[in-house]
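Working notes, beginning with the structure itself.
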Amino acid sequence: MFSVFLIAQREYLENIKTRGFWVSILFMPIIIVIMSAVPVLLSTSVNEAKYAVIDHSGWVLAAVQKRFLKNDIHQLLESETVPSLNGSEYTEEFDESVILIEQLRQQFKEGEEKKLFASQAADLLYTLSRENASILQTPTLLEQFADWWHKNPQQVLSIIPNASFSHYQYVEPADTSTARLQILLNAEHLLGYFVIPEDPIASGEGASYVTKNLTNRDLQLWFANAVSSVVQGQRIREESIEPNIADWIQQPIAFETVVLNGEDLAVANASDTLTQWAPVAFVYLLWISIFTITQMLLTNTVEEKSNKLVEILLSSVSARELMAGKILGIAGTGLTIVGSWLIAFLILILGLPSLLDSPLPFDLLSLVDKPLYLASFILYFILGYLFYAAFLCGLGSLCNNLKEAQNLMMPVQLILIVPLLVMIPIGKDPGGTLATVMSWIPPFTPFAMMNRAAMPPGPGTYFFTTLLMIISIYFALRMATRIFETGILMTGKPPKLTQIFRMLKTK
Amino acid sequence: MSSLAVKFSGVYKYFDQITAVDNLDIEIPKGCIYGYLGPNGAGKTSSIRMITGILKPDAGSVCVLGNTNPSKIKNRLGYLPEEKGLYKKMRILDLVIYFARLKKMSRQDARLKALQLLEQFELSDRANNKCESLSKGLGQKLQIIATLIHQPELVVLDEPFSGLDPVNVELVRNTILSLKQNNHTVIFSTHVMEQAEQICDSLLLINKGKKLLSGTLPEIRSGMDHNLIVDYDGDGSILHTLPGIERVRDAGKHAELTLKPGTSAQDILKLLVDKLTIRRFDTRETSLHNIFIQAVKGANSNV
């Protein structure tokens, strides 16, 4: 046992000096920072995608643009954010902007008032933008507002980051012939252009979206949705249906999502959804941890064999002690990495909001309230690691170099892909047949049980699946020891499967 | 108490369908330097691994230092295998201490002894360097230190001189001789017959897993032909055309000739004097090199 400890200690101390170890340690903090910072940074960056419209109807484009403006203005009035400088220099005009917005919010508190103001402001703004004009004298609040909006798009974006023009920019080429727009598309000056038919009221036939990029459908969906609403509105007006009756007819039924926790009912929020999906992220993390650390073990075993050290070691310790020492030493390394990830996770989710000066895009703190997740992660990391470590240590002992090891690894890698494939289906139905069956197949048990943590099965399932894993690990280690004892001293090409079976039979 | 360090009785070892060791009987006395010779693939490594407790025999018995299970007495054994490696990233002193600790030495004793041996082998100034900084020869010395640090009663050294310069060969040779003086047993495996000839008290020659020859050098040589040693200048190809010569081992300016029965040295000298400038002409016992070749070739031709 002392020899096992010595070998494990050496493995651990040597591994923590490697570059790979420190790269692994930094992996998690970097991922958390990227996950948190990228959405924040993206929200402040301006999207360059441009689009054009050939409007044969003569009125739909104007109506759509007014609609976009109206929605943006309404959103601004609803928002509680104040304009921010966003890096530009402070001016007295900035103060005036803040006061103007506040005045508007005070004045238009009622929904209908807001809608009316938004509609009027949108009309005025549309005219200003069409004629590239500006208002010289601004006697009314409406004109002051329109003038401010027209001149300060960056300040508008600082209040409503997802304003319509933050996503896509409408361009109006001097020549809107099809040939001309196609040249712009080929030159990638446009993401796409829309063709609106002459009489969309009668039929949508002839409407098209022309693009070279079929993977990004967001622009198409966003613009087509707006056109549909505008055309529907016009159809309603033409049928002389009262606008409020039309609104009522079109009003969808919104189901409120209520989550049941034990006997408590609570309206589900974003953090509840995150909590439900978090086990899937943990499965992925578990997979990365087990895959990375067992790979480390495999590489280490093959290197030791190719370094011609094995025979010297085996003259001091048994093959079994050597293998056990290796597995434990690298388990220690793995636990250090995983432990550091968890600590980094806690530190960063507490510290990042103040660092980024913005709340995190996901309420990660809610995960801390779920000890089952972290406990499951640690337990299934240990069980999963030991199970796969046995196989990889055995296989590694048969190989003289990493290339041979990669070939022999193929079946294990194929098995390891399965938990990734079923990760989302199990996440959607943690109590379903797939989840239940996978929980009882030892190579998949750690991943499936982690996957099910959002709707955990009963304690019996936890107990017996853990017992199953312990028994499986025992047999996997026994088999691996037999292979390791013979394989570690073998030279020449790796044995065939039949020879490996013969090794297993050797007493 | 047995006077034998190692005793093999009817030992067999199989690998898959190959018989690596075939009914081998060996007796190695304590306190001697024992040459363990054989061609490549003869079964030397397999039998050495059984002596050091790395492998177990499939049949027969192996008794090492009075123990029939050598894996139980690994702390009393030292093994320097032919293929040697180091943990490249480890510090030299740490590596020696690590191997000593694996042999159950206390940390304090291991450190003291490691420093002493590093000094003796002129490596103390590099004690804190990484192993990867050592040349092949210095790495070899380090491995010898790691093999001997726990003062094993039985040491197996497989090609201990490979990669060493003459000064270090002398250093290692003296170390091996001092082990013998201290009544430790040394099993010395090599393909360089001159080294075995100079250092070994007894020898064993195995081929295809079987014993071919064993005993002290005089015992092995008895009944063998005498050889001629010729140091010469000129075209040595003439040596191969001489009548009455069984075999020629020509090194360019130095040749060893094995005479056929009935051929006299005088006849050969007469033939050579006119054709080569002879600087030395001497008769001597058959070299171990020749014995090795004769025995192995003879055994192979009988198969």
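The values are calculated or read from the model by the stated rules, or taken from the named source; none is laboratory data. Since the model is a prediction, treat every value here as computed from it, not as a measurement. Positions of Cβ are backbone-derived with ideal geometry, glycine not excepted, and every protein chain shown enters the neighbour counts.
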Legend entry - Filter result (under 21 Å from A:K403 (Cα atoms) and assigned to a helix (DSSP H, G or I)) within the stretch A:462-497: A:A480, A:I483, A:F484, A:T486, A:G487, A:L497
Inset, instruction - May I ask you to list the residues in the stretch B:6-44 that are within 14 Å of chain A (Cβ to nearest Cβ) and touching a Ser or Thr at 6+ places or on another chain (Cβ under 8 Å)? - result: B:K13, B:F15, B:A20, B:K44
Inset, instruction - Determine whether the stretch A:247-260 contains at least one residue that is surrounded by 11 or more Cβ atoms within 10 Å (Cβ to Cβ), under 32 Å from the mean Cα position of the chain (by Cα) and of a type in the set (D, E, K, R). - result: no
Inset, instruction - Kindly indicate which of B:F281, B:F292 is aromatic (F, W, Y), surrounded by 15 or more Cβ atoms within 10 Å (Cβ to Cβ) and closer than 27 Å to B:Y36 by Cα. - result: B:F292
Inset, instruction - Please determine, by comparing only the residues of the stretch A:482-507 that are without any contact (Cβ under 8 Å) to a residue 12 or more places away in the chain and hydrophobic (A, V, I, L, M, F, W, C), which one is nearest to the other protein chains (Cβ to nearest Cβ). - result: A:F501
Legend entry - Residues satisfying the stated conditions in the stretch B:224-251, i.e. hydrophobic (A, V, I, L, M, F, W, C), surrounded by fewer than 16 Cβ atoms within 10 Å (Cβ to Cβ), free of Cβ contacts under 8 Å to residues at least 24 places away in the same chain and in contact with a strand residue (DSSP E or B) (Cβ under 8 Å, 6 or more places away or on another chain): none
Inset, instruction - Could you tell me whether the stretch B:213-230 includes any residue that is over 16 Å from B:T286 (Cβ atoms) and of a type in the set (A, V, I, L, M)? - result: no
Legend entry - Which listed residue, of B:L86, B:L117, B:L93, is modelled with pLDDT of 90 or more and under 26 Å from the mean Cα position of the chain (by Cα): B:L117
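Suppose we keep only residues that are β-branched (V, I, T) and not in a strand (DSSP E or B) within the stretch B:239-282. Which one would you say is modelled with the lowest pLDDT?
B:T263
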Legend entry - Residues of the stretch B:73-98 satisfying the condition of being more than 10 Å from every other protein chain (Cβ to nearest Cβ), over 16 Å from B:N128 (Cα atoms) and of a type outside the set (A, V, I, L, M): B:R76
Inset, instruction - Quickly run through the stretch B:126-148 and pick out the residues that are within 12 Å of chain A (Cβ to nearest Cβ) and of a type in the set (G, A, S). - result: B:G139, B:A146
Legend entry - All positions within the stretch A:413-449 that are within 16 Å of A:L383 (Cα to Cα) and buried (at least 17 other Cβ atoms within 10 Å of the Cβ): A:L416, A:P419, A:M438, A:S439, A:P442, A:P443, A:F444, A:T445, A:P446, A:F447, A:A448, A:M449
Inset, instruction - Select from the stretch B:214-223 the residues that are surrounded by fewer than 18 Cβ atoms within 10 Å (Cβ to Cβ) and at pLDDT 85 or above and list them in ascending order. - result: B:G215, B:T216
Legend entry - Where B:R101 falls short, out of the listed (1) in contact with a strand residue (DSSP E or B) (Cβ under 8 Å, 6 or more places away or on another chain); (2) modelled with pLDDT of 90 or more; (3) within 10 Å of chain A (Cβ to nearest Cβ): (1)
Legend entry - Close pairs from the stretch B:45-56: first more than 9 Å from chain A (Cβ to nearest Cβ), partner assigned to a helix (DSSP H, G or I) and of a type in the set (S, T, N, Q), Cβ under 9 Å, at least 6 apart: B:K56/B:S71
Legend entry - Hey, B:K56 touching a strand residue (DSSP E or B) at 6+ places or on another chain (Cβ under 9 Å) and under 30 Å from A:E11 (Cβ atoms) or not: yes
Inset, instruction - Name the single residue, out of those in the stretch A:1-40 being within 14 Å of chain B (Cβ to nearest Cβ) and of a type in the set (F, W, Y), that is nearest to the chain's Cα centre (by Cα). - result: A:F21
Legend entry - Breaking point among (1) within 19 Å of A:I30 (Cα to Cα); (2) at pLDDT 65 or above, for A:D363: (2)
Legend entry - helices (runs of 4 or more DSSP H) lying entirely in the stretch A:161-251 (those with 2 or more residues that are under 21 Å from A:H74 (Cα atoms), free of Cβ contacts under 8 Å to residues at least 60 places away in the same chain and assigned by TED's automatic domain parsing to the domain that holds A:K70): A:218-238, A:243-250
